[in-house]
1. Out of all the residues in the range 318-329, is one or more assigned by TED's automatic domain parsing to the domain that holds residue 438, closer than 17 Å to residue 421 by Cα and of a type outside the set (D, E, K, R)?
2. When residues of the range 364-388 are filtered for being outside any strand (DSSP E or B) and among the aromatic types (Phe, Trp, Tyr), how many remain?
3. Can you report the number of residues in the range 329-339 which are exposed (fewer than 12 other Cβ atoms within 10 Å of the Cβ) and either among the small types (Gly, Ala, Ser) or modelled with pLDDT under 75 (or both)?
4. For the range 205-312, list the strands (runs of 3 or more DSSP E) that sit wholly inside it and hold at least 2 residues that are under 15 Å from the mean Cα position of the chain (by Cα) and among the β-branched types (Val, Ile, Thr); which are they?
5. When both residues are 6+ apart or on different chains and their Cβ atoms are under 9 Å apart, which pairs have a first residue that lies in the range 340-358 and is more than 17 Å from residue 373 (Cβ to Cβ), and a second that is of a type in the set (Phe, Trp, Tyr)?
6. Taking the criterion of being surrounded by fewer than 18 Cβ atoms within 10 Å (Cβ to Cβ), at pLDDT below 75 and part of a helix (DSSP H, G or I), would at least one residue in the range 109-117 satisfy it?
7. Please give the number of the condition residue 17 fails out of (1) in a helix (DSSP H, G or I); (2) in contact (Cβ under 8 Å) with a residue 24 or more places away in the chain.
8. Considering only residues of the range 20-35 that are in contact (Cβ under 8 Å) with a residue 60 or more places away in the chain and surrounded by 19 or more Cβ atoms within 10 Å (Cβ to Cβ), which is nearest to the chain's Cα centre (by Cα)?
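The values are calculated or read from the model by the stated rules, or taken from the named source; none is laboratory data. This one's a predicted model, so the numbers in the text were calculated from it and none came from an experiment. For neighbour counting, all protein chains shown are included, and Cβ atoms are generated from backbone atoms with ideal geometry for every residue, glycine included.
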Amino acid sequence: ANFTEAKSLTLTTIIAILSALTGRVCDPEVAFSSQVEPDGVLFPKVGNLTPKLRAAKEHGIREVMLSTANQEDCPASLLKDKDFTLRFFSHIGEVLHHLGLFPEETTEPRDLTPAPWDSEPRSASWKALVQTGIKKGIEREVIKGLIDAVEDLCQMRNEMRPISTALVVGDTERIGALLPDSEIRLIPMRKGRLEGYLHKLAPIVDGELTAFVLDKNGRFRSIRKVNIALQGDFKLNPLLSDPAARFALISAVTESLIFVLDPGGNRVQAFSDGELICRYCNGGWQNYDLNLLHGKLMEAAQEKGCDQKVMERLGRTAVRLSYLHLGGLLVVLPEGVSCEGKIEDRLRRMGIGMNPRALSDLSDEELIKFAKEDGAVLVDAFGIVHTFMAYLRPTTAIPVEPDPGEGARHLSARRFTAEMGCFALVISEDGAITAYEDDKRIYRL
């Protein structure tokens, strides 16, 4: 199951599955809300609890089962309410015993051998991220704890409000030598307290202007400014733009591992050694190989006779749109190819038109403003933007077998590239970037 959007539904889902398997129907007026750790512990606590409990009561729920960690967050009025019962448990086994869903006792011996590293139910990207942290001198348990923490922050942003922040982990002296002090300083606090209030500090330490600095033991040491101009000859992937490019540079100069929670969504980006190495998205860690995407763009530029700088600029725009959770469609027409009669220019329908402009004359903000509108941005091989908000009207008779989950934007891009012999980048709102050339999907990031 994928509990990305609300990990507090984990307990509910487990109870529903066991109820279906055992045939024991649960009381519809009883609700469950807790995340369940791999060892069965109900933790961490559910956020924004009071309004959720009040809403449950208003909708006829008379009993809610929660993690013991949430007991201190419950208002006294609900704890004393005779018509509304709150029950607290520390382990899923206690819940199952209470409901009568616990499996029968067995005398068969159980294998209690800890699962080896290779059998952990984690992706290869997650394991590679852990190894990256270890190479930076961070203990395995510490880096695993930090990864869990940023995943939990994604849960908080879904349940409470969007959170954007950044954590720079590494040699604090080296980091401090590069990043200036913030006006905000950390006051020594008892262990664990700061982590619980990260979501409250996020509006201040938002990852755009400032970031948290942690040492290699996972301790919060300071808050530093990250909106700085770095001088020097640094070789970064040309598809990176700020703020990602800035964090990539900081990771290279300070030899640190950086986690960035992007604004407005449930994703985390991880930077190391000047690269965006992976990201947390849709409930798991995934490789994010911009070097491979850049290579595919350069190959397409050569095949279509397009300026490489044009392809790099459009690729950079696509990556930025992905970061902002904005969809878009960017089309590059080969030299000498006309799309007359193959598009619907919606600008003309509105009584306006666009004066062709070179990409180099447009700021990143202007290009993103064009690209995020419904329709395609059309660019020729020399980098001249001819129009935007254009609906592609390829010949519908062209046989194109849609891939599962593809929407109209992908289908029209495939048919258009097949008919016109051109190149297109489709950016989905979930952050995926897909490159099409002559109807073929040549890469998906």
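1. As a first pass, look at the range 318-329 and keep what is assigned by TED's automatic domain parsing to the domain that holds residue 438: 318-329.
Among the residues that remain, those that are also closer than 17 Å to residue 421 by Cα are: 329.
So of that shortlist, the ones also of a type outside the set (D, E, K, R) come out as 329.
Taking every residue of the range 318-329 in turn, at least one turns out to be assigned by TED's automatic domain parsing to the domain that holds residue 438, closer than 17 Å to residue 421 by Cα and of a type outside the set (D, E, K, R).
2. First pass over the range 364-388, keeping only residues outside any strand (DSSP E or B): 364-375, 381-383.
Imposing the further condition that a residue be among the aromatic types (Phe, Trp, Tyr) reduces the set to 370, 382.
Result for the range 364-388: 2.
3. So the first thing to find is which residues in the range 329-339 are exposed (fewer than 12 other Cβ atoms within 10 Å of the Cβ), and the list is 335-336, 338.
Imposing the further condition that a residue be either among the small types (Gly, Ala, Ser) or modelled with pLDDT under 75 (or both) reduces the set to 336, 338.
Residues flagged as exposed (fewer than 12 other Cβ atoms within 10 Å of the Cβ) and either among the small types (Gly, Ala, Ser) or modelled with pLDDT under 75 (or both) within the range 329-339 amount to 2.
4. On the way: elements: 210-214, 220-225, 257-261, 268-272, 275-281, 284-287.
Those strands (runs of 3 or more DSSP E) span 257-261.
5. These pairs meet every condition: 342/416; 358/382.
6. Initially, the range 109-117 is screened for residues surrounded by fewer than 18 Cβ atoms within 10 Å (Cβ to Cβ), giving 109-117.
Among the residues that remain, those that are also at pLDDT below 75 are: 109-117.
Of the ones still in play, those that are also part of a helix (DSSP H, G or I) are 117.
Among the residues of the range 109-117, at least one is surrounded by fewer than 18 Cβ atoms within 10 Å (Cβ to Cβ), at pLDDT below 75 and part of a helix (DSSP H, G or I), which makes the answer yes.
7. (2)
8. Our first condition is that a residue be in contact (Cβ under 8 Å) with a residue 60 or more places away in the chain; within the range 20-35, this holds for 22, 24, 26, 32, 35.
Narrowing further to those that are surrounded by 19 or more Cβ atoms within 10 Å (Cβ to Cβ): 32, 35.
On the way: 32: 27, 35: 20 Å.
Checked the range 20-35; the qualifying residue nearest to the chain's Cα centre (by Cα) is 35.
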